[in-house]
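Report on the structure given below.
The values are calculated or read from the model by the stated rules, or taken from the named source; none is laboratory data. Predicted model only: the values in this text are computed from it and were never measured. Reconstructed Cβ throughout: ideal geometry from the backbone, glycine too, with neighbour counts over all protein chains shown.
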Amino acid sequence: MNFEIQLRLWYSENKRSLPWRKTKNPYNIWLSEVIMQQTRIAQGTKYYHHFISTYPTVKDLANAPLDAVLKSWEGLGYYSRARNLHLAANQIVTLFHGNFPKDYSTLLSIKGIGPYTAAAISSICFKEEIAVVDGNVYRVLSRIYGIETPINSSAGIKQFNQLAQKLIKGCPLPGDYNQAIMEYGALHCTPKNPKCNTCIFSSTCVAYNTNTVEKLPVKTKAKPVKDRFLSYLILFKDNKIAVEKRTHKDIWQGLFQFPLIETENGNATVLKGTKMAEPVKHLLSHQRLHITFWQIKHPEQLPKTTYHWVDVDMLQTLAFPIVLKRFIDANLLHL
DNA sequence: AAACCGGGGGC
DNA sequence: GCCCCAGGTTT
């Protein structure tokens, strides 16, 4: 029995019941795929439900204000996904009359839809024979075929895509196969402690038979994270609080924050204020943020004056980075 | 080709 | 502390 059929058979007996598996509506599938990019199912599922109920159609999403979409996305991370989601919804409404394109290459032209998501939508919703290559697929294929090419190198990306495309060729249900190989990676051929003793491919798996399962897939090291020191100014005037929107190309673009002073070493000695709460260390995948909060008594020393003054109650309707949302919930809601 | 972009969870 | 998670865009 060939690889593709074995996987689909396993999938039919072992797949999880996930909300987006109850439909082939491309809008639902698209939402689920974008939400789940670099995100665990357990974290993303509640966002999927929220988006489907808040924006039932692509037109609803397109017509919503970007700030509302970002608020819906609050806490999920990689906020460019939310900005692109909103952009894409408008693209689909204006360029395609609200109907999703059916083919891989047209899907690729939409903002935020890359090779993975285009393959997922076209195969699941429209039975196109395009293989998905996500983190699960890299892991499963690298082990079964014993491929040591780094998965985050150009050569590796090309090699795994070619292999995956060869394996899906002739598959009658490419959407099921794509989900099957990902599911196998998620449930069986896991990063740590894979279930090799009960694996349906153990007799032919190169990694298993050469005792290299734990070494695969190969991934070249990321560069070390950078430290950043952020001092947020908590400033009241007439019972309102100052906020600003992050607009530059940096982390958290489009989200709100309090007036910010960033320094090289954390010594924001220009501040004349009272430190609120203890310093917070907030970890991103590529940055280590050291955050302090200062209640400012004398606003005349502010670095600039283009802030928005909002009621404290208003804070809950704006999208903040999760570390600031936590500060708000803990310190500002009961004033 | 490499850098950049979040937050959470497993081990 | 390190790695990974239904990746994509920009430089």
Got at least one residue in the range A:170-187 being buried (at least 17 other Cβ atoms within 10 Å of the Cβ), more than 14 Å from DNA strand C (Cβ to nearest atom) and farther than 24 Å from A:Ser17 by Cα? no
Kindly list, by first and then second residue, each pair from a residue in the range A:102-129 that is over 14 Å from A:Pro26 (Cα atoms) to a residue that is assigned to a loop (DSSP other than H, G, I, E, B) and within 16 Å of DNA strand B (Cβ to nearest atom), limited to pairs with Cβ atoms under 7 Å and residues at least 6 apart or on different chains. A:Tyr116/A:Val133; A:Tyr116/A:Asp134
Within the range A:117-149, count every residue that is surrounded by 18 or more Cβ atoms within 10 Å (Cβ to Cβ), within 16 Å of DNA strand B (Cβ to nearest atom) and more than 17 Å from A:Ala186 (Cα to Cα). 1
Contacts under 9 angstrom Cβ, first residue in the range A:249-268 being part of a strand (DSSP E or B), partner among the small types (Gly, Ala, Ser) and within 15 Å of DNA strand B (Cβ to nearest atom), 6 or more apart: A:Phe256/A:Ala319
Quick check: is even one residue across the range A:95-109 under 28 Å from A:Trp252 (Cα atoms), within 16 Å of DNA strand B (Cβ to nearest atom) and not in a helix (DSSP H, G or I)? no
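Rundown of residues vs (1) surrounded by fewer than 20 Cβ atoms within 10 Å (Cβ to Cβ); (2) free of Cβ contacts under 8 Å to residues at least 60 places away in the same chain; (3) within 19 Å of A:Ile121 (Cα to Cα), yes/no style:
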{"position": "A:Asn2", "(1), (2), (3)": "yes, yes, no"}
{"position": "A:Leu9", "(1), (2), (3)": "yes, yes, no"}
{"position": "A:Val34", "(1), (2), (3)": "no, no, yes"}
{"position": "A:Lys46", "(1), (2), (3)": "yes, yes, no"}
{"position": "A:Gly75", "(1), (2), (3)": "yes, no, no"}
{"position": "A:Ser80", "(1), (2), (3)": "yes, no, no"}
{"position": "A:Ile92", "(1), (2), (3)": "no, yes, yes"}
Out of A:Lys223, A:Lys192, report the one residue that is within 16 Å of DNA strand B (Cβ to nearest atom) and at pLDDT 95 or above. A:Lys192
Being surrounded by fewer than 18 Cβ atoms within 10 Å (Cβ to Cβ) and under 24 Å from A:Asn2 (Cβ atoms) narrows it down to one residue among A:Thr204, A:Thr220; which is it? A:Thr204
